[in-house]
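*Asks:* Below is a structure I'd like to ask you about.
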Amino acid sequence: MKICILSRNAKLYSTRRLIEAAKAREHYVRVVDPLRCYMNIAAHNPEIHYKGEELEEFDAVIPRIGASVTFYGTAVLRQFEMMNVFPLNESVAISRSRDKLRAMQLMSRKGIGLPVSGFAHSPDDTKDLLNLVGGNPVVLKLLEGTQGMGVVLAETRKAAESVIDAFRALKSHFLVQEFIKEAGGSDIRCFVVGDRVVAAMQRTAAAGEFRSNLHRGGSAELVRITPEERAVAKRAAATMGLNVCGVDLMRSAHGPVVLEVNSSPGLEGIERATGKDVADLIIKYIEDHAQSPSDKRGSQTRTRGKG
C-alpha cells in the first residue's frame, strides 16, 4: 500500500514510529507537511499539489494534524477524502473532537460520564457559574488549549473570578469544571484503535503540579483498567467518530469521567509505558480497512459517473 502521513515534522517520535511500522510491513510511506499542500477543488478531478508538483496517488492517509493548524489541516484531509483516499481519522471527526465544548455536549447526550462543567458568556453569570460546578476549587480550561496549556486550578473563589476576568478580557472561550480531588493528580490515557482499547497508561502529575501531561513533567506507567473504563473509552471514541484516538479518563467518586478525546495522540508515552507496538497496530488497522488499489479505482469511477 501507499500511505501518506500528514505531519509537519518527520523527526517527531510518533511520525518516525509510524514510518518504521509501515516500512516493516512493506508499505510505501511518504511524510507530507499539510501547510505546504495546495489544492485544486474541482468537481470531477480534485487534486493536491505539494512543493510544485501534483502528489502521487495514495491508498491511505494518516493525519497527524496539530491543534494550531486544525483548520487548514482538515481542509487538506477533506481533499484526500474527495479523492477516495482512506483516512485513518476522518476530517469531520477530528474537527468534532477539537471543539472541546461540542465534544462534551455530544458525549453528554450519549450519557458518557463527564466532570461537572459550566460554560457562560456574560460576566454577570460568574458567581452562579461557580456554584453550578460545586464551588471551589475549580479547573478553568481554554477551549483552544492543548497539552495542559491554558488549564488553571483556582483554589479560591477570588482566584477563580480573577482568572475568568482575565480570560474574558482576552475574548477567549473557556470551560469551568469541578476539581476531582480523589483522582490525586492522576488520569488514565486509553489508546483506542478501531473498536478496541489496545493500551492504557496512568499519568501522574509532578510534585506541586496538578496537570498530569507528560509534557508538564508528569510520569506514566502501565495500568490495568476496569471493564467500565474500557467501555467508556470505546463509547467516547465512537461518539467522536474516531478510529484511532487517546481517551483521557479520570477516576472520580461517581465513576470514570472523560476529560478529553485526542485525535492525534502521541505514541512515545504509551509505547514506553506499556511496551506495546502501537504504531504497528495502527498500520494493521489501515491494512484491514483501506480499499485495495483496484477497489479504489472502481469506487472513483462510480463516484465520477454519478456526477
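*Asks:* With a 10 Å radius around each residue's Cβ, average the other Cβ atoms per peptide and rank 172-184, 234-246, highest first.
*Replies:* Output ranking for 172-184, 234-246: 234-246, 172-184.
*Asks:* Which value in deg cm²/dmol, rounded to the nearest 500, describes the helix-derived mean residue ellipticity at 222 nm for the chain, given -39,500 (n - 2.57) per DSSP H run of n ≥ 4 and division by the residue count?
*Replies:* -11000 deg cm²/dmol
*Asks:* Please report, in Å, the Rg and the Dmax of the range 117-179, where both are computed over Cα atoms only.
*Replies:* In Å, with Rg to one decimal and Dmax whole: 10.3, 30.
*Asks:* Can you list, bin by bin at 5 Å, the percent of alpha carbon pairs in the range 91-134, starting at 0?
*Replies:* Pair shares across the bins are 5, 20, 22, 20, 18, 10, 5, 1.
*Asks:* A 18 angstrom limit on the alpha carbon distance is what I want to check against. Which of Lys11/Lys141; Lys141/Lys171; Lys127/Lys158 exceed it?
*Replies:* The answer is Lys11/Lys141.
*Asks:* Check Val31: other-chain or 5+ apart residues with amide H under 5 Å from its amide H, H built from backbone geometry?
*Replies:* Long-range HN contacts for Val31: Ile5.
*Asks:* Roughly what would the spin-label model give for Tyr72 and Asn136, points 7 Å off Cα along C-beta, in nm?
*Replies:* Result for the modelled spin labels: 4.2 nm.
*Asks:* What list of ³J(HN,Hα) values in whole Hz, one per residue of the range 105-114 in order, does the Karplus curve 6.51 cos²θ - 1.76 cosθ + 1.60 (θ = phi - 60°) give from phi, with Gly and Pro shown as x?
*Replies:* Residue by residue, the range 105-114 yields 5, 5, 5, 4, 4, 8, x, 7, x, 9 Hz.
*Asks:* For the pair Thr204 and Arg272, what calculated FRET efficiency results from E = 1/(1 + (r/R0)^6), where r is the Cβ-Cβ distance and R0 = 22 Å, to the nearest 0.05?
*Replies:* 0.90
*Asks:* Given a cut-off of under 8 Å on Cα pairs at least six residues apart, what relative contact order in percent is computed for the chain?
*Replies:* The normalised contact order for the chain reaches 18 percent.
*Asks:* Taking the range 1-116 as the region of interest, what is the percent of Cα-Cα pairs per 5 angstrom bin, listed from the shortest bin to the one with the maximum distance?
*Replies:* Histogram of Cα-Cα distances, whole percents per bin: 2, 11, 20, 21, 18, 12, 8, 6, 2, 1, 0.
*Asks:* Largest first and in whole Å, give the semi-axes of the chain's equivalent ellipsoid, each being the square root of 5 times a Cα gyration tensor eigenvalue.
*Replies:* Whole-Å semi-axes of the equivalent ellipsoid: 37, 22, 17.
*Asks:* Among 266-279, 39-52, what's the highest-first ranking by average C-beta atoms within 10 angstrom per residue?
*Replies:* 266-279, 39-52
*Asks:* Hey, got the dipole for the range 117-179? About the Cα centre, +1 on K and R Cβ, -1 on D and E Cβ, debye to the nearest 20?
*Replies:* The calculation lands at about 100 debye.
*Asks:* Let me ask you something else. Lys and Arg at +1, Asp and Glu at -1: add these up for the other residues within a Cβ distance under 12 Å of Val223 and post the number.
*Replies:* +2
Here, each number is a calculation from the coordinates, and none is a lab measurement. All figures in this text were calculated on a predicted structure; none of them were measured in a lab. When we count neighbours, we look across all protein chains shown, and the Cβ atoms used for this are built from the backbone with ideal geometry, even at glycine.
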